[in-house]
Amino acid sequence: MDISSTRSILSDRPAQAAGSLLNARLSKGYSVSELAIATGLTETEIRLAEDGRMQNPDYIRRIKSALA
């Protein structure tokens with residue numbers, strides 16, 4: 001998946017973006033641990049965002065930025 005595809009996935013509505021975070025992370029080759037380090041979030045926060053159970057806009061923005 002190229003960068004424009006990742007941006008397209010992540011620009012959807014927040015709930016859809018959260019559901020797409022896992023696919024975007026995997027397509028970039030990041031582990032949860034690596035993404036946590038890149039974003040300054042915890043692994044639990046990353047997993048919650050990927051599951052759509054955490055909708056903190058700042059956290060989602062940080063994840064999007066790391067995956068862009």
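Considering only residues that are of a type outside the set (Val, Ile, Thr), in a helix (DSSP H, G or I) and closer than 11 Å to Ile63 by Cα, which ones fall in region 31-46? Passing the criteria: Leu35, Ala36, Ala38, Glu45. Cβ separations smaller than 6 Å between residues 6+ apart or across chains give no pair from region 37-61 residues that are closer than 14 Å to Ser20 by Cβ and among the polar types (S, T, N, Q) to residues that are at pLDDT 95 or above and surrounded by fewer than 13 Cβ atoms within 10 Å (Cβ to Cβ). Is one or more of the residues making up region 32-40 buried (at least 19 other Cβ atoms within 10 Å of the Cβ), of a type outside the set (S, T, N, Q) and at pLDDT below 95? Checking region 32-40: not a single residue is buried (at least 19 other Cβ atoms within 10 Å of the Cβ), of a type outside the set (S, T, N, Q) and at pLDDT below 95. In region 13-25, how many are out of contact with any helix residue (DSSP H, G or I) (no Cβ under 6 Å at 6 or more places or on another chain) and either of a type in the set (Gly, Ala, Ser) or at pLDDT 95 or above (or both)? Of the residues in that region, 2 qualify.
The values are calculated or read from the model by the stated rules, or taken from the named source; none is laboratory data. Bear in mind that the values here come from a model prediction, so they are computed numbers and not experimental data. Heads up, the Cβs are rebuilt from the backbone with ideal geometry, glycines too, and the neighbour counts pull from every protein chain shown.
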